[in-house]
Amino acid sequence: MHDAITDVRGILVGQAEYREGGTGCTVVVCEAGAVAGVDVRGGAPATRETDCLDPSNLVEKVHAVVLAGGSAFGLEAATGVVRCLEERGIGYDVGVAHVPIVPAACLIDLAVGSATVRPDAALGYQACRAASATPPAQGVVGAGTGASIGPKIVGARRMAKGGIGTASIRAGDLVVGAIVAVNPFGDVIDPASGEIVAGTLNTARDGFAGALTLFAELGVGGALSSNTTIGVVATNARLDKARARRVAIMGHDGIARTIVPAHTTFDGDSLFCMATGEVAAEVSYVGALAAQVVARAIVNAVKAADSAYGIAGYREIRGLIARRA
């Protein structure tokens, strides 16, 4: 066990980024196919192929899930993943071709780096080609490259750097892992301590403003922010599509435990579940473990995120607060 989503056998992760543009994508691949579900809780989602995961619809398994920056523009990255998988003969057999089933979700990072640089088919292809069982890098990589914490309207000087993080847990033969790109409006709180570990800084930059107070500070009317936290839970549990969706639903508890407020109008919070089907397990137990690993993946993402694009990372923020004390 490496405390990573790739601890689930058969789950591969590839990441790629346009470093100067401040954006990237992360691809979670299951070449044999995984039964999948999704739960979209945020008010501003950018998603692809989520209708395929409805339990009443035909296709049972997906072959990859894409997490990307770039807002709706970043959905193009999934096209490159589809092409890469098709070249390897991976996909749903329709007789004359194998069609890879690749849902996707994007966060908005257009205010970081360059607004005209977005994940595209070439970047998705590159990430898919790089997919492996090696524990994925965390922090300012992949879909977390341009991630930030706090409303974009306050400017880079007061935002905190977000990123991507992963975690896993084993319970007997059952393994549950998660990978999450953290780009929320709200503050990130470590459930172990109850303390804010990342969030919008106050004007003096020597402490956190408190996300709930920002509503009063920024006033009403217009869009206060453009954010979104997106992720994938993977498990070796044997689930059908309805139960996979239940795990995704319960996995959102991990977002709610660590991000305050979560699931706002300004966030497109979306969580997928991929189940490889090796172990019999009670779905509520899998979902409870999913919430735990999602919460830890979020905290790991923040603590691994270095300062970038003029936005302070976890270690720099700790230094700013320590100097005040």
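To the nearest 10 degrees, how steeply does helix 314-324 sit against the main Cα axis of the chain, on a 0 to 90 scale?
Helix 314-324 and the main axis of the chain meet at about 20 degrees.
Just how much of VAL117 is accessible, in Å², when a 1.4 Å probe is used and the result is rounded to the nearest 10?
In the full protein context, VAL117 sits at about 50 Å².
From the Cα gyration tensor of region 265-317, with a ≥ b ≥ c the square roots of its eigenvalues, which class applies: rounded if a/c is under 1.5, or else prolate if a/b is larger than b/c, or else oblate? Can you show the working numbers first?
On the way: a/c = 3.19, a/b = 2.30, b/c = 1.39.
Because a/c hits 1.5 or more and a/b exceeds b/c, region 265-317 counts as prolate.
Is the shape of region 29-133 rounded, prolate or oblate, going by the alpha carbon gyration tensor and its root eigenvalues a ≥ b ≥ c, with a/c under 1.5 for rounded and a/b larger than b/c for prolate?
Since a/c reaches 1.5 but b/c is at least a/b, the shape of region 29-133 is classed as oblate.
Which percent of the accessible area of the chain is formed by carbon and sulfur heavy atoms (probe 1.4 angstrom)?
Solvent-exposed carbon and sulfur of the chain make up 51 percent of the total.
Compute the long axis of helix 241-258 from its Cα atoms, compare it with the longest principal axis of the Cα atoms of the chain, and write down the angle in degrees, 0 to 90, nearest 10.
Compared with the principal axis, the helix lies near 20 degrees.
Provide the per residue accessible area, probe 1.4 Å, for the chain, rounded to a whole number of square angstrom.
On a per-residue basis, 37 Å².
How long are the semi-axes of the equivalent ellipsoid of the chain, taking √(5λ) for every eigenvalue λ of the Cα gyration tensor, in whole Å from largest down?
The answer is 31, 21, 17 Å, longest axis first.
I'd like the Karplus ³J(HN,Hα) series for region 115-126: coefficients 6.51, -1.76, 1.60, θ = phi - 60°, whole numbers in Hz, and an x wherever there's a Gly or Pro.
Karplus-based 3J(HN,Hα) across region 115-126 equals 5, 9, 9, 9, x, 10, 4, 5, 6, x, 4, 4 Hz.
Name the residue, out of GLY14, GLY172, GLY155, whose mean-square fluctuation peaks in a Gaussian network model built on the chain with Cα pairs under 10 Å.
Of the options given, GLY172 has the highest mean-square fluctuation.
How far, in degrees from 0 to 90, does helix 77-87 lean away from the longest principal axis of the Cα atoms of the chain, to the nearest 10?
It works out to around 30 degrees.
Name the most mobile residue of THR276, THR145, THR213, meaning the one with the largest mean-square fluctuation, in a Gaussian network model of the chain with Cα contacts below 10 Å.
Checking each option, the largest mean-square fluctuation is seen for THR213.
For every helix of n ≥ 4 consecutive DSSP H residues, a contribution of -39,500 (n - 2.57) applies; sum these over the chain, divide by its total residues, and give [θ] at 222 nm rounded to the nearest 500 deg cm²/dmol.
-7500 deg cm²/dmol
Karplus couplings for region 57-66 from phi (6.51 cos²θ - 1.76 cosθ + 1.60, θ = phi - 60°), rounded to Hz, Gly and Pro as x?
After applying 6.51 cos²θ - 1.76 cosθ + 1.60, I find 9, 5, 5, 8, 10, 10, 10, 6, 10, 9 Hz.
Just in region 12-55: which trypsin sites (Lys or Arg not before Pro) are loop by DSSP and have at most 16 other Cβ atoms within 10 Å?
Within region 12-55, the qualifying trypsin sites (Lys or Arg not before Pro) (loop, at most 16 other Cβ atoms within 10 Å) are ARG19.
Would you kindly derive the ³J(HN,Hα) couplings of region 304-310 from the backbone phi angles with the Karplus curve 6.51 cos²θ - 1.76 cosθ + 1.60 (θ = phi - 60°), listing them in order in whole Hz, with x for Gly and Pro?
8, 7, 7, 4, 6, 6, x
What residues qualify as long-range amide H neighbours of ALA308, i.e. H under 5 Å apart, gap of 5 or more or another chain, H built at 1.01 Å from N?
GLY313
For a quick protection proxy, order the peptides 21-29, 277-285 by their average other-Cβ count within 10 Å, most packed first.
Ranking the peptides 21-29, 277-285 by packing returns 21-29, 277-285.
Build a GNM of the chain with springs between Cα atoms under 10 Å: which of ILE179, ILE298, ILE311 gets the top mean-square fluctuation?
Top of the fluctuation ranking is ILE311.
The values are calculated or read from the model by the stated rules, or taken from the named source; none is laboratory data. Fair warning: this is a prediction, and the values are worked out from it, not measured in the lab. Note: ideal-geometry Cβ built from the backbone for every residue, glycine included; neighbour counts use all protein chains shown. Each accessible area value is taken on the protein alone, full model and side chains, heavy atoms only, with ligands, DNA and RNA left out. Shrake-Rupley method; radii C 1.70, N 1.55, O 1.52, S 1.80 Å.
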